[in-house]
1. For region 15-50, enumerate the residues that are more than 16 Å from Ala90 (Cα to Cα), in contact with an Asp or Glu (Cβ under 7 Å, 6 or more places away or on another chain) and open to solvent by less than 50 Å² (accessible area, probe 1.4 Å).
2. So for region 19-32 (the condition being modelled with pLDDT under 95 and charged (D, E, K, R)), does at least one residue qualify?
3. If the Cβ limit is 8 Å and pairs must be 6+ apart or interchain, which residue in region 46-69 that is at positive phi pairs with which residue that is in a helix (DSSP H, G or I) and not β-branched (Val, Ile, Thr)?
4. So, in region 62-117, exactly how many residues are open to solvent by less than 70 Å² (accessible area, probe 1.4 Å), under 22 Å from Met1 (Cβ atoms) and modelled with pLDDT under 95?
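The values are calculated or read from the model by the stated rules, or taken from the named source; none is laboratory data. As the structure is a prediction and not an experimental result, all values here were calculated from the model. Ideal geometry is used to build each Cβ from the backbone, glycine not excepted, and the neighbour counts take in all protein chains shown. Side chains are part of the model used for accessible areas, which takes the heavy atoms of the whole protein and leaves out ligands, DNA and RNA. Shrake-Rupley method; radii C 1.70, N 1.55, O 1.52, S 1.80 Å.
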Amino acid sequence: MYIRMEGMKFYAFHGVMPQENVVGSYFYIDLKLKTDFTRAAETDELDDTVSYADIYTTVKEEMDIPSKLLEHVCQRIAQRIFTDFPTIEAIDIRLNKGNPPMGACAEHIGVEVHYMR
């Protein structure tokens, strides 16, 4: 069972180049969270699953902290989710930077990682 959150968009200040920390850029995140929501399917109660609104808040808080590397941002997001949501068993994160300043025409460049508890 998975909770999926796709196409989350944040304006943030991640990057190695100094201007990236000043100008910022759009970042796009997709999450796939493995959890057992059998009970929620039976009870129709939010307390028996993971609130994607709460997950979004957690991701936003981590995106607000500037980092040089997208790999580091993903690690922080995963650690927070595992800490704040103990029923999450595994996390897939896809994090892309829009229009990266690398002298090439690319819509998005990013990383994809898989974490297990």
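1. Within region 15-50, just Ala40 meets the criteria.
2. The answer is yes; a qualifying residue exists.
3. none
4. Number satisfying all stated conditions: 0.
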